[in-house]
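Each remark here refers to the structure printed beneath this line.
Read-outs throughout are calculated quantities, based only on the coordinates presented, and are distinct from any laboratory measurement. Since this is a predicted model, take the numbers as computed values, not measurements. Every residue, glycine among them, receives a Cβ derived from its backbone with ideal geometry; neighbour counts consider all protein chains shown.
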Number of protein chains: 2
Amino acid sequence: MKLASLKGPGRDGTLLVVNAGLTRAVRAEGASPTLQHALENWDQIEAKLRDVAASLEQGQERHAFDFQDALAQGKVAAPLPRAYEWLDGSAYLTHVERVRRARNDKVPESFYTDPLMYQGGAGDMMGARDPIRVLSEDWGVDLEGEVVAITGDVPMGATKDEAAACIRLVTLVNDVSFRRLIPAELAKGFGFVNGKGANALAPVALTPDELGATWKDGKVHLKLRCDVNGERLGDPNAGVDATFSLFDLIAHAAKTRELKAGTLVGTGTISNADKSTGYACLMEARLVEQVEEGAAKTPFLRFGDTVRIEMRDAKGASVFGAIEQRVERYAK
Amino acid sequence: MKLASLKGPGRDGTLLVVNAGLTRAVRAEGASPTLQHALENWDQIEAKLRDVAASLEQGQERHAFDFQDALAQGKVAAPLPRAYEWLDGSAYLTHVERVRRARNDKVPESFYTDPLMYQGGAGDMMGARDPIRVLSEDWGVDLEGEVVAITGDVPMGATKDEAAACIRLVTLVNDVSFRRLIPAELAKGFGFVNGKGANALAPVALTPDELGATWKDGKVHLKLRCDVNGERLGDPNAGVDATFSLFDLIAHAAKTRELKAGTLVGTGTISNADKSTGYACLMEARLVEQVEEGAAKTPFLRFGDTVRIEMRDAKGASVFGAIEQRVERYAK
């Protein structure tokens, strides 16, 4: 089952069921007004949504409309237009290793057993075609391509298996980062506030069964293709070199607190040890250039630049739809 | 105007208007179903809520009920039972100085001009009488008494004056902290995830005009009394020794992103340079003992321990109602 949200009328949007091919969608109002409401009442609502999905797939939803048109017209919100928690892990230690190597530092041994994770803002998730709006290009604007789980209620102290059972949906995220603001902010010791912007989700979120055999052990075994201004930045495989699975990351986040339905838990920037796969963020490309060529050459994003983040299945079909964003100057 | 929320029927609770004396309350359903909804539509709803408040004060609300009874019966939720963002500053550098001194470290010069702030979880705010539930006493359970602003929509890059105009409500928070988990987590460099638990808000949140002259320059000029097991831990004045006001802290949080209606911005643990005022968290008492007496003596909270956090006005009346919580063992 693939779910999305239209923008409006409220801030939580209007829940849509989307067909497998991402071509048709229908409002799911009869089952649930919003995705947040569905997540809070999943046991009652899931079957109804699956009925709508089956009927849509069979061409029997009279009020179905063209999903790609709605997307192109900017009418599609993030599947979850706002969420109560955004907890982002660092599952791909290749990414962390490259960051550390560039500053002649090592990755602490504990990072291989105890996930690095931060809490970010989630009250304003961008739709997949919404612009990245910033006040200044000098912030060092960067994308981060990641996989993210949307959970139901997770009990405090959940085991890995319990965490696995709480995953309701999976999608992609662009975790927008302001690289030039981060070093000074992290030096203060309390994590990110100014160093991260609003994030975008892919057009649809889907139940893990949609991923078939490519969903295994809490990892999506598919390549995440990231482009900047139409050129390939990388296509690392999200199933490769992940020290921690989404199961591990959710269990870590829930160690000392309950996570409530609609919590987003991310994998961190996808990164493979094999450099030929490229990168899912500009910083990593820059760090490798710095170490290997003496200086970073890949620029951060500037006004007018575009990013595209997408995952395709073995047949080449887009799994979640593409995140396609343009950097624009923010106006109050 | 003083606002609160009853628990249920949904996770955002039911909005209440409470009288100035905190004795009577009435459902505000006619004006807005929930506080979150009111915050999103403040320009339309504020006047209606103020009408209800005036009518309640005059004894003309037929369906008014005893607010203290509802509170004692555990029916009162946090005024905002869940929020999209919880951004907690460190306005009282005395607190930071004591932390650093205990580890023979200095406060970086930049901390006096650039606020220290972290992002925490807000999807599950405890009501003022809800228990603090933890899996283990070994976590080093501590209270942190703070003042918190609840904002409307704040534009990215808001000035201090713009930030000031976005404050809708003010209340108190108990920012529950797990002291023995924090050093290892902060050493990882990404802030708090496991080191902080769910937080509690005071029974009511109020519009700043309710504070009269004690609301000045984005600070509440009243003492915050904190008790543990019925004994005074401290009563530092929130208007004293605050390097940053709530205006500064909101502007800092909004530097690179919009804050959406219902965002919580906290002052950090209230702390005065004058040690005779005591402390608003156990850790600070322990750090001073460590420096002055060679060892920390004040214990962290254990199962069965109680905390009480309250602010009284010049006439001795409780301004927000008291946060009164007991530490209990969490059961799934």
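Between the range B:5-30 and the range A:145-205, what's the alpha-carbon centroid distance in Å? Taking the Cα centre of each part, the range B:5-30 and the range A:145-205 sit 33 Å apart.
Around the amide H of A:Ala77, modelled in the peptide plane, lie the amide H atoms of A:Ser5, A:Leu6, A:Lys7, all under 5 Å away and 5 or more residues distant in sequence or on another chain. Each copy carries A:Phe65; placing its label point 7 Å along the C-beta direction from Cα gives inter-copy distances of 4.2 nm, listed from smallest up. For A:Trp215, the residues whose amide H sits under 5 Å from its own are A:His221, ignoring neighbours fewer than 5 places away on the same chain, with H placed 1.01 Å from N. A simple rule links phi to the HN-Hα coupling: the Karplus curve 6.51 cos²θ - 1.76 cosθ + 1.60 with θ = phi - 60°, which for the range A:256-267 gives 10, 7, 6, 9, 9, 3, x, 6, 9, 10, x, 7 Hz, with x for Gly and Pro. The separation of the range A:256-307 from the range A:70-125, counted between C-alpha centres, amounts to 9 Å.
Could you work out the helix-only [θ] at 222 nm for the protein assembly as shown, with each DSSP H run of four or more residues adding -39,500 (n - 2.57) and the total divided by the number of residues, to the nearest 500 deg cm²/dmol?
-6000 deg cm²/dmol
Among residues of chain B, the one whose Cβ lies closest to the rotation axis carrying chain B onto chain A, together with that distance rounded to whole Å, is B:Gly191, 1.
Using a simple spin-label model with pseudo-atoms 7 Å out from Cα toward Cβ, A:Ala314 and B:Phe303 lie 5.1 nm apart.
Please work out the FRET efficiency for the pair A:Glu231 and A:Arg100, using the Cβ-Cβ distance as r and a Förster radius of 22 Å; give the result to the nearest 0.05. The partial results should precede the final answer.
Details: r = 27 Å, r/R0 = 1.24.
Approximately 0.20, to the nearest 0.05.
In terms of overall dimensions, the range A:1-156 has a Cα radius of gyration and Dmax of 19.2, 61 angstrom.
Placing a label point 7 Å from Cα along the Cα-to-Cβ axis, B:Glu231 is separated from the same position in the other copies by 6.9 nm, shortest listed first. Applying the Karplus relation 6.51 cos²θ - 1.76 cosθ + 1.60 with θ = phi - 60° to the range A:183-194 yields 3J(HN,Hα) values of x, 5, 5, 5, 4, 6, x, 10, x, 9, 10, 7 Hz, where x marks Gly and Pro. Helix B:93-102 and the long axis of chain B differ in direction by around 30°, with both axes built from C-alpha atoms. For B:Ser136 and A:Asp69, FRET efficiency with R0 = 45 Å and r from the beta-carbon atoms, rounded to 0.05? The formula returns an efficiency of 0.25 here. Partner shielding of A:108-120 amounts to 4, given as the average count of beta-carbon atoms from other chains within 10 Å of each residue beta-carbon. Taking every alpha-carbon pair within the range A:132-220, the share separated by more than 18 Å comes to 58 percent. Values of log10 I(q)/I(0) for the protein assembly as shown across q = 0.06, 0.09, 0.11, 0.12 Å⁻¹ run -0.32, -0.74, -1.11, -1.31, by the Debye formula with one identical scatterer at each alpha carbon and no solvent. For the range B:11-19, 3J(HN,Hα) computed residue by residue from phi via the Karplus equation (6.51, -1.76, 1.60; θ = phi - 60°) reads 6, 8, x, 10, 5, 10, 9, 10, 6 Hz, glycine and proline entered as x.
In plain terms, the chain from B:Glu109 to B:Ala47 could stretch by 17.8 nm, reckoned as 0.36 nm per residue minus the Cα-Cα distance.
As a proxy for reagent exposure, ranking A:Thr306, A:Thr113, B:Thr171 by other Cβ atoms within 10 Å from fewest up yields A:Thr113, A:Thr306, B:Thr171. With a cut-off of 16 Å on the backbone N, the residues of the range A:86-115 near the modelled label site 7 Å out from B:Ala184 along Cα-Cβ are A:108-115. Across the identical copies, the label point of B:Ala184 (7 Å from Cα in the Cβ direction) is separated from its matches by 3.4 nm, in order from shortest. A Förster radius of 51 Å, combined with the Cβ-Cβ distance separating B:Thr23 from A:Ala165, puts the computed FRET efficiency at roughly 0.65. Distances between placed amide hydrogens fall under 5 Å for A:Ala91 paired with A:Gly268, all partners being 5 or more residues away or on another chain.
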